[in-house]
Amino acid sequence: MMHGDVQEAERAAAKADAGAALLRAVFAQDPEEVTSVEVPGLSAWLSSLKLAHCHGAAQRWCQQNQMADLAQVTAAWEAFAEALQLRPLERHRVAKALNQSSTVTVLPAAVAVTTFGPEEDPQRYQ
């Protein structure tokens, strides 16, 4: 299985889990079944994305979907963004932050430097 296929499968599983949790919360006989527990790191993560104004709605979504940690929230970020009705720029910030945190940048061992300019001072015009 390719790396992209694994990520897609993980996203699909997270969406399925989020959907199942939402259905359980919606059809719960007792409204107290949905417990009020703060997701560790949620507030700081939202603030880093300039989404602190969404904290209340985000916390409610986490409770309804039985999200216990930030990893679960980020795995289902598209459903999260949809539920919070994030604007396109806000969605872009979330996607960009998640892609940067999961992407490993591999730098080449040696980079050839091409210079131009006078031979006596080749570093002058780099």
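A few remarks follow.
Yes/no matrix, rows are residues, columns are (1) open to solvent by 100 Å² or more (accessible area, probe 1.4 Å); (2) of a type outside the set (F, W, Y); (3) modelled with pLDDT under 65; (4) in a helix (DSSP H, G or I):
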site: G56; (1), (2), (3), (4): no, yes, no, yes
site: R60; (1), (2), (3), (4): yes, yes, no, yes
site: Q72; (1), (2), (3), (4): no, yes, no, yes
site: A79; (1), (2), (3), (4): no, yes, no, yes
site: E82; (1), (2), (3), (4): yes, yes, no, yes
site: R93; (1), (2), (3), (4): no, yes, no, yes
site: L98; (1), (2), (3), (4): no, yes, no, yes
site: F116; (1), (2), (3), (4): yes, no, yes, no
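- Tally, over segment 61-85, of residues that are without any contact (Cβ under 8 Å) to a residue 12 or more places away in the chain and over 15 Å from G41 (Cα atoms): 2
The values are calculated or read from the model by the stated rules, or taken from the named source; none is laboratory data. Everything numeric in this text was worked out from a predicted model, so none of it was measured. Quick reminder, even Gly has a Cβ in these numbers, built from the backbone with ideal geometry, and neighbours come from all protein chains shown. Note: areas computed on protein heavy atoms with side chains; ligands, DNA, RNA excluded. Shrake-Rupley method; radii C 1.70, N 1.55, O 1.52, S 1.80 Å.
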